[in-house]
Amino acid sequence: MQTQIVHKQYISTQVSTADRLQLVVMLYDGAIKFLNQAKEKMAAQDAAGKGLYISKALDIIAELNSSLNFKEGKEVATNLFHLYNFMSAHLTRANLNWDTNALDEVVKILTSLRDAWEEVCQKSKRGELKEVLEEQTLTPRKNLGTLVV
């Protein structure tokens, strides 16, 4: 019991001290973790556990979707919106059909997105993101979209 309390305090501290980019990476990590747990529950034929963990992942995806800034993010936000909706529908079908392949597909997408956001986070920490954004403002590149954080 004491270990759980300490773990919850640690997570709470991590979340409260993280910047926006780190929070996005943490959300992706959580969704991936929950889907892997759902897959384990599917293997164990635990319907309640499977549903619980898929629901948690769906909640995270819904939070990511609702936090999109279409004004600043433009094409990137629109593409993420469609991707999040695709993943939500895919997970709902996976839950109904006990489809572990669908879970794996969504985990693969989430992992790719997580890795991209982690790279943005690291560039931001090194001060490279500001330089990239300033360069894009000075010399806009057609059809690449703009990421503003």
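The values are calculated or read from the model by the stated rules, or taken from the named source; none is laboratory data. Note that this is a predicted model, so its numbers are computed, not measured. Cβ: placed from backbone, ideal geometry, glycine included. Neighbour counts: every protein chain shown.
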Subset of the stretch 74-89 that is touching a Leu at 6+ places or on another chain (Cβ under 9 Å) and closer than 22 Å to MET26 by Cβ - its residue that is surrounded by the most Cβ atoms within 10 Å (Cβ to Cβ): MET87
I'd like the full set of residues that are in contact with a Lys or Arg (Cβ under 9 Å, 6 or more places away or on another chain) and not polar (S, T, N, Q), limited to the stretch 95-107. TRP98, ASP99, ALA102, LEU103, ASP104, VAL107
Filtering the stretch 42-55 for residues that are in contact with a Leu (Cβ under 8 Å, 6 or more places away or on another chain) and surrounded by fewer than 17 Cβ atoms within 10 Å (Cβ to Cβ) leaves a count of 0
What is the one condition in (1) more than 19 Å from VAL25 (Cα to Cα); (2) surrounded by 13 or more Cβ atoms within 10 Å (Cβ to Cβ); (3) not aromatic (Phe, Trp, Tyr) that LYS71 does not satisfy? (2)
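A quick yes/no check of all residues on (1) of a type outside the set (S, T, N, Q); (2) touching a strand residue (DSSP E or B) at 6+ places or on another chain (Cβ under 8 Å); (3) at pLDDT below 95; (4) loosely packed, with under 11 Cβ neighbours inside 10 Å:
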residue: GLN2; (1), (2), (3), (4): no, no, yes, yes
residue: GLN22; (1), (2), (3), (4): no, no, yes, no
residue: GLU40; (1), (2), (3), (4): yes, no, no, no
residue: ALA57; (1), (2), (3), (4): yes, no, no, no
residue: SER66; (1), (2), (3), (4): no, no, yes, yes
Go through the stretch 29-46 and give me each residue that's in a helix (DSSP H, G or I) and out of contact with any Ser or Thr (no Cβ under 8 Å at 6 or more places or on another chain). ASP29, GLY30, ALA31, LYS33, PHE34, LEU35, ASN36, GLN37, ALA38, GLU40, LYS41
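Table: residues versus (1) at pLDDT 95 or above; (2) farther than 18 Å from LEU23 by Cα.
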{"residue": "ILE60", "(1), (2)": "yes, no"}
{"residue": "PHE70", "(1), (2)": "no, yes"}
{"residue": "GLU75", "(1), (2)": "no, yes"}
{"residue": "PHE86", "(1), (2)": "yes, yes"}
{"residue": "ALA89", "(1), (2)": "yes, yes"}
{"residue": "ARG93", "(1), (2)": "yes, yes"}
{"residue": "ALA102", "(1), (2)": "yes, yes"}
